[in-house]
Amino acid sequence: MVQVDIVKEKVLGYLQTWYGALIGLYVLYSVLMRISQHQKAKKLGCKPIRVVKSDGFYGFKLMREVMKLKSEGKMVDYNNERFIEFQADTFLTYVAGRKFITTRDPENIKAVLATQFNDFCLGIRHAQFLPLLGDGIFTLDGEGWKHSRAMLRPQFAREQVAHVKSLEPHIQVLARHIQKYPNGGKFDIQELFFRLTVDSATEFLFGQSVESLKDETVYDISKLPEEFEGKRQFAYAFNTSQNYLATRAISSEFYFLINNKEFKECNAIVHKFADFYVRKALEALPEELAEKSRGGYIFLYELVQQTRDPIVLRDQLLNILLAGRDTTAGLLSFTFFELSRNPQIWSKLKEEIYEKFGSGEDSRIEEITFESLKKCDYLKAVLNEVLRLYPSVPQNFRIATKDTSLPKGGGPDGQSPIFVSKGQLLSYSVNATHHNTAFYGKDANDFRPERWFEPETRKLGWAFLPFNGGPRICLGQQFALTEASYVVTRLLQMFPNIISYDDEYPPRKNSQLTMCHQNGVFIGLD
Ligand code: HEM
């Protein structure tokens, strides 16, 4: 009894110090929070999450392993394997001391992206991407995002994305690069696709391509109009800045530490390019813009009719460039990677394209339109299958804006709702969903476009989600599919034969902001 009194006295004495009182308050607050969360969870019908993994001391061991796997190009596949290993579609884990809910369950993904859209946000993506992207659709939450979406959505209407003609000059330059490797000589098509997509995207967005494909190996660059100093540096600067953004994203709350001189210089080059063309568009008369748009739809020229604010224009265009460029390059690269390994699929695709649009010298280029490409069923199946096996954004993140729940993952069978507290980090892996045998059968890991003609694949709903879903669904979906379809069609018409020089399967994948091949895609075409 005397002992208890002594301890009591000591604790009270300690609590009378300012730091003691502070700690006491914190403990009290935590206990009250836990009680309140427990009550909310009960009300929402939640049960404890079925699978919890500590992954070494608070996930520090896992983090080390994941960084190693990432550098080897194996992280994306490893993330899929964990669902299989844990026999769970949703689990809780720790990464560097932080609690993390991971899910591949389509019902949970649907809740996060659509039915409970307001319960989740992007978190600190805006701050992480701010130096390059400013305030734009891809990074904003809440009212700012709503406003951006309302402003940009009409620009992606069908007629706008229908312009495939402006792609042809870029394809011609791309073909010259391929012709440098005759008789099926080995080259990296991924590197060329990254240049193609930055060229076509800058033309579509700013009205001026950066023409990164036109280098001295295929072109007399002295003939290139240099409207201002810095245009030729754009592609390199944008790539470099993007890599910094990816590192800032991985660094989570410590993103601000990644802010060196190179990053700042590259951002400045990108901004200088964007500002130059924005200023030109703002200074031009409406009839001049209409004249310039005659050759193809220019996003900037339409957007100046919505806003005259040069910073808004710059930020939104760079947001779209970031969202649309690497994703399309990745889709094209994985498509040629798989086609080169699957001669039967290549032949079947050629048959469809040659029948519809001819081949070689007899190609009927003017017949390749948004509408006619949409009727190429096998081509659509091939692209779907690539997006299934290699979704450009394999894993994505959201943060809970309030105490809420997710429909699945709790209780002994994992079928009950789970509680998600405010501020909880959540990751959803569409890549893991796309590889789940429960939806795609035993051959879920195989590249088989034919599955897209089978009735069960057509009914997948939220189990096939390469473009996201709900209010934040990708705005450029039709644009990307049209561009990819056009490029595939034209390359097949020009080069009837393909060979693969990559023997590693599944391929090593580089997953920064978006996914691509770790070491390039080496093929031969002739
Ligand atoms: C294969 C090509 C593409 C894929 C797989 C893809 C996929 C996605 C995904 C998964 C998101 C959601 C990102 C998130 O919320 O965290 C997204 C958003 C977005 N995408 Fe795409 N995308 C592609 C091409 C494009 C293109 C070509 C454009 C524009 C020209 C574009 C414009 C956008 C925009 C503006 C958003 C933000 C939408 C919003 O937050 O409201 N995308 N895309």
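Relative protection proxy for 477-488, 66-77, from highest mean packing down: 477-488, 66-77 (other beta-carbon atoms within 10 angstrom). Segment 58-525 gives an Rg/Rh value of 0.95, both radii derived from C-alpha positions and Rh following Kirkwood.
With contacts taken as Cα pairs under 8 Å and at least 6 residues apart, the chain reaches a relative contact order of 25 percent. Computed over segment 435-499, the Cα gyration tensor eigenvalues convert (square root of 5λ each) into semi-axes of 25, 20, 9 Å, ordered from largest to smallest. In terms of packing, defined here as the mean over residues of other Cβ atoms within 10 angstrom, the peptides 453-466, 5-18 line up highest first as 453-466, 5-18. Our helix-only sum for the chain, with -39,500 (n - 2.57) per DSSP H run of n ≥ 4 divided by its residues, gives a mean residue ellipticity at 222 nm of -16000 deg cm²/dmol.
Beyond 19 Å between alpha-carbons counts as too far, so tell me which of K214/K261; K61/K408; K356/K380; K61/K509; K146/K272; K165/K292 fall in that bin. Beyond 19 Å: K214/K261; K61/K408; K61/K509; K146/K272.
Expressed as a fraction of 2.2 N^0.38 Å, the value expected for a compact globular protein of N residues, the C-alpha radius of gyration of segment 1-43 is 1.60.
Per atom type, the chain shows carbon and sulfur on 56% of its accessible surface, probed at 1.4 Å.
Close amide-amide hydrogen proximity is noted between D403 and K422, each under 5 Å apart and 5 or more residues distant or on a separate chain (H modeled in the peptide plane; Pro and chain starts excluded).
Highest average first, the peptides 403-416, 99-112 ordered by how many other beta carbon atoms sit within 10 Å of their residues are 99-112, 403-416. How large is the direction-averaged shadow of the alpha-carbon convex hull of segment 113-261, in nm²? Average projection, Cα convex hull of segment 113-261: 12.8 nm². Based on protein heavy atoms only, segment 1-43 ends up with 97 Å² per residue of surface accessible to a 1.4 Å probe.
The values are calculated or read from the model by the stated rules, or taken from the named source; none is laboratory data. Since the model is a prediction, treat every value here as computed from it, not as a measurement. All Cβ positions, glycine included, derive from the backbone under ideal geometry; neighbour counts span all protein chains shown. Accessible surface is based on the protein model in full, side chains and every heavy atom, while ligands, DNA and RNA are left aside. Shrake-Rupley method; radii C 1.70, N 1.55, O 1.52, S 1.80 Å.
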